[in-house]
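Scroll down for the structure; my scribbles are underneath it.
Coordinate-derived values only; no laboratory data. Keep in mind it's a predicted model, so treat the numbers as computed, not measured. In this analysis, Cβ positions are derived from the backbone assuming ideal geometry, glycine residues included, and neighbour counts consider all displayed protein chains.
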Amino acid sequence: MSVSPDSATAVRTVADAVSEPLLSVRGLRVSVADGTEVVRGVDLDVPRGSAVGLVGESGSGKTLTCRAVLGLLPAGVEVTGGRISLGDTELTALPAARRARLRGTHLAAVFQDPASYLNPSITVGAQLAEVLRVKVGLARRAARERAVELLHAMGLRRPEHVYAQYPFELSGGMLQRVLIAMAITAEPELLIADEATTALDVTVQAEVLELLSELCRDRGLTLMVVSHDLAVIAQLCETVYVFRDGAVVEEGPTRRVLRGPRHPYTRELIRDHERFGIDRVREQGSRR
Amino acid sequence: MTTLVARSVAALGRALLIAVPVLLVSTFITFMLGGLTDQDPASVVLGDSATPADVARMREVFGLDRPLLARYALWLWDALHGDLGASWFTRIPVARSIAERLPVSLSVAAGALLIAVVLGGVFGVLAAVRQGGRLDRAVTVVTSVLATVPGFVAAIALITVFSLLVPVLPSGGWAPASDGLPTWASFLVLPCVALSLDAAADVARQLRTGLADTLHENYVVGARVRGLPGWRIVLVHALRNGAGPAVAVLGMHVPRLIGGAVIVETVFALPGIGELTKTAALGGDVPVVQGALLVTIGVVLVSSALVNVLLVKLRPAARREI
């Protein structure tokens, strides 16, 4: 960034120097096996300790961008260009096993439909304890105790009871809390929440969003939130990137983008969301 | 956890409940078939020179003068009290012949089972992990061939290679474990391999299919997101949910490894249960056939009970599959 006499920019430069981006994506390209490009040169920065939102309709490339960051693209889809750096580490150059070691301890993710992301034949507690044993290196008994503590910290009542339940015995909201516990248990720096609250009903969604922002505040977690729901983004994120057809069409502070969208697509997106109470969120934003 | 124990007990109980009628019906059918043949064991035993009076006395000794149903009831009553009767021809108690031959059959079956689990397991898992790859296709071809090759063809091929071309193993016969483990094992290897091949092929195919499906599940992605190592995801998370069909198929092979090993036992001249049953059946020696049948049914019962319990333990959330 060039030095400018403008005071506002000067302040921003100082702020940027303090919080240099934790995650930095440059010119990311992702293609399907037949050569079709589905992510076409995405640039994005996630400053340490912040919450950044990715918004756009389905098929806009936001989820594939996240999967590329995680190093878990579906079969037949691969990164064909660009760089992804997490802190000082350049991820795209790393072999698969090294990337697997980074997952859990440096970056983690939760998705929509939490029930399907848990093994149906193992109790949720045992799956949480497994992460603690493998990624944190705790002994069996210590892992169990820590797992119960974590379940409690995620706002789950009767954590010992929850520990012994199979996924099909718990509700969607409870399962998402369990998955969030699993994601943050090895103390990653970056948590990707890909439509993490989409399938939940409104009150449960609000509770899970509250939990996520608490984690951000209390544990210094950096959050990357993917949603098609502008209300979710508005509630959690300082910065938003608007995706369309595999590219970023608009980016900026969430309040600015929501109040004064520049790109016609963003305006369309906001108009579509107005019916779902986005106005209220925008008013709250402007009062703050 | 208590529900898991309860479900295991229920699975065991269910296997026993099924076994009782199966036992009654199958022994009854063999009894009837024995009675319906016009072979008269009494005259066969006594030979051509016997007088009709001798034959009549012999029939009385065998109990053949009584109606078929009464004979069956009597046999069942004695069997329940541990008395399986004696061979009509050799007068040797059936229980003793079975006790002599069971170790042979059980060692061969156990060896074959072990080979089937190891070979089928390793190649099934590898094929599933390398889906669509060269190894996967090779496994598909080899298992398809093996599953269609009859046991005696495999047995003869193995003898040709390992006893004739490269004479390292005996072509047949038997030595008890008391003769030294290497000798015992040398007689065991070829029959075990011959008997295990189609079971191994079936296990590999079922495991490949079951595991290939589970590897596409979201919870596998979930486990990868948590950063668990690849081997752990396959062997702990996917195998648990994908192994059900393979376990069930293996359970169905177990009775065949014991009671159905007639041909392999004949080719390798093994004094096992299969060979005993064959000789008895050809001679119309009903008590021996009944006794051997009882053992086979017992093995079926135990293996299906074990399989049911194992399936419940593997997938506590699933409804029963077999």
### Query
How large are Rg and Dmax for region B:2-104 when only the alpha carbon atoms are used, in Å?
18.8, 69
### Query
Helix A:202-219 versus the longest principal axis of chain A: what angle, 0 to 90°, nearest 10, using Cα atoms?
90
## Note on the structure
With -39,500 (n - 2.57) per DSSP H segment of 4 or more residues and division by the full residue count of chain A, the 222 nm estimate, nearest 500 deg cm²/dmol, is -12000 deg cm²/dmol
### Query
Taking Cα atoms, how many degrees apart are the long axis of helix B:134-148 and the longest axis of chain B, rounded to 10 and kept between 0 and 90?
10
### Query
Normalised by the residues of region B:249-322, what does the relative contact order come to in percent, with Cα pairs under 8 Å and at least six apart?
31
### Task
Please order A:154, A:224, B:58, B:252 by the number of other Cβ within 10 Å, starting at the fewest.
B:252, B:58, A:154, A:224
### Query
Which of the aspartates and glutamates could a cross-linker span from residue B:278 if the Cα-Cα distance has to be under 13 Å and same-chain partners fewer than 8 positions apart are dropped?
B:265
### Query
Given 20 Å bins starting at zero, what is the percent of C-alpha pairs of the protein assembly as shown in each, up to the one with the largest pair distance?
16, 36, 24, 16, 7, 1, 0
## Note on the structure
Taking the dipole of region A:157-217 about the Cα centre (Lys, Arg +1; Asp, Glu -1; charges at Cβ), the one of A:198, A:171, A:159 that reaches farthest to the positive side is A:159
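List A:203, A:239 from most exposed to least, where exposure is judged by having the fewest other Cβ atoms within 10 Å.
Exposure proxy ranking, most exposed first: A:203, A:239.
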### Summary
Only helices counted: for chain B, with every DSSP H run of 4 or more residues adding -39500 (n - 2.57) and the sum spread over all residues, [θ] at 222 nm is -24000 deg cm²/dmol
### Query
By how many nm would the segment from residue B:317 to residue B:18 grow when fully extended, if each residue of separation counts as 0.36 nm and the alpha-carbon distance is taken off?
105.3 nm
### Query
Quick one: length gained pulling residue B:282 to residue B:91 fully straight, 0.36 nm per residue minus the C-alpha distance?
67.1 nm
#### Entry: Proximal aspartates and glutamates relative to residue B:313, as straight alpha-carbon distance under 15 Å, when same-chain residues fewer than 8 apart are discounted
B:321
### Summary
Counting Lys and Arg as +1 and Asp and Glu as -1 over every other residue whose Cβ sits under 12 Å from the Cβ of residue B:55, the net charge comes to -3
### Query
Going 7 Å from the Cα of residue B:28 toward and past its Cβ, which residues in region B:268-308 have a backbone nitrogen under 20 Å from where you end up?
B:286-287, B:289-298, B:301
### Message
Suppose we keep just the alpha-carbon trace of chain B; what are its Rg and Dmax in angstrom?
### Response
23.7, 86
### Query
Which FRET efficiency, nearest 0.05, do residue B:7 and residue B:131 yield, Cβ-Cβ r, R0 45 Å?
0.90
### Query
Restricting attention to the alpha-carbon atoms of region B:53-191, what are Rg (one decimal) and Dmax (integer), both in Å?
23.3, 75
### Query
Of A:69, B:287, B:180, which is farthest along the charge dipole of the protein assembly as shown in the positive direction, counting Lys and Arg as +1 and Asp and Glu as -1 at C-beta?
A:69
### Summary
Rounded to the nearest 10 degrees, the helix B:286-314 long axis (Cα) sits at an angle to the longest Cα principal axis of chain B of 20
#### Entry: Proxy reagent accessibility, fewest Cβ within 10 Å first, across A:152, A:273
A:152, A:273
